[in-house]
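Colleague: Could you have a look at this structure, given as structure tokens, before my questions?
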Amino acid sequence: QVQLVESGGGLVRAGGSLRLSCLVSGRIFRINDMGWYRQAPGKQRETVAVITRGGVTNYADSVKGRFTISRDNAKNTVLLQMNSLKPEDTAVYYCNAAVIRSDLYTQYTYWGQGTQVTVSS
């Protein structure tokens with residue numbers, strides 16, 4: 001199996017910063033794309049940022065210039081640095097990874113359990 005464990009969520013005032021971390025563990029041969037998604041109450045899950053194994057990034061327009069995604073391939077982690085947070089960033093944030101499993105040599109997509117980010121005005 002493969003597990004994704006997120007950390008770093010919490011409550012912050014508007015204009016503040018948070019850093020989310022996601023550790024991938026288990027039967028890993030290689031991790032390809034990784035990303036962060038979020039879901040606010042009553043809304044569909046949306047892409048926040050994605051990063052390829054080679055470090056190419058893509059961001060939602062709503063977070064460009066404020067959020068930065070990065071990864072450490074040696075540590076199987078992906079980070080999301082969130083600056084200048086706004087109340088509309090409030091959501092549950094989910095980590096996602098495309099993992100080639102070491103036991104099956106097949107790629108599967110895995111999700112973390114989610115971490116709550118709340119931005120007060």
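Colleague: I need the trypsin sites (Lys or Arg not before Pro) found in the stretch 1-101, filtered to DSSP loop residues with at most 13 other beta carbons within 10 Å of theirs. Walk me through the numbers on the way to the answer.
Modeller: On the way: sites: ARG13, ARG19, ARG27, ARG30, ARG38, LYS43, ARG45, ARG53, LYS64, ARG66, ARG71, LYS75, ARG101; in loops: ARG27, LYS43, ARG45, ARG53, LYS64, ARG66, LYS75.
Passing sites in the stretch 1-101 are ARG27, LYS43, ARG53, LYS64, LYS75.
Colleague: Lys and Arg at +1, Asp and Glu at -1: add these up for the other residues within a Cβ distance under 12 Å of TYR59 and post the number.
Modeller: Working: positive: LYS64, ARG66; negative: GLU46, ASP61.
Neighbourhood net charge equals 0.
Colleague: Let me ask another. If you average the sequence gap of Cα pairs under 8 Å that are 6 or more apart and divide by the length of the chain, what percent do you get for the contact order?
Modeller: Details: 311 pairs, mean separation 43.2, N = 121.
Relative contact order of the chain: 36 percent.
Colleague: Under a straight-distance cross-link criterion of Cα-Cα below 28 Å, which lysines are reachable from LYS86, leaving out those fewer than 8 residues away in the same chain?
Modeller: LYS43, LYS64
Colleague: Now for a different question. What's the local net charge at LEU85, with K and R +1, D and E -1, over the other residues with C-beta under 9 Å away?
Modeller: Working: positive: ARG13, ARG66, LYS86; negative: ASP89.
Taking every other residue near LEU85 into account, the sum is +2.
Colleague: Starting from the Cα of TYR105, move 7 Å in the Cα-to-Cβ direction to define the label point; list residues of the stretch 17-37 whose amide nitrogen is under 17 Å from there.
Modeller: 27-31, by backbone N distance to the label point.
Colleague: For the stretch 6-73, what log10 I(q)/I(0) values come out of the Debye formula at q = 0.12, 0.15, 0.20 1/Å, with one point per alpha carbon and no solvent?
Modeller: Each listed q maps to, in turn, -0.37, -0.58, -1.00.
Colleague: Given an 8 Å cut-off on Cα distances and at least 6 residues of separation, report the relative contact order of the stretch 54-110 as a percent. Show your work: numbers first, answer last.
Modeller: Numbers: 43 pairs, mean separation 11.1, N = 57.
Here the relative contact order equals 20 percent.
Colleague: Can I ask one more? Quick check on the stretch 78-121: what does the Kirkwood estimate of hydrodynamic radius come out to from the alpha carbon pairs, in Å?
Modeller: Details: mean 1/r = 0.0791 Å⁻¹.
Across the stretch 78-121, the inverse of the average 1/r is 12.6 Å.
Bear in mind these aren't lab numbers, they're just calculated from the coordinates by the rules spelled out. Model, not experiment: these values are computed from the prediction. Using ideal geometry, Cβ is built from the backbone for each residue, glycine included, and neighbour counts are taken over all protein chains shown.
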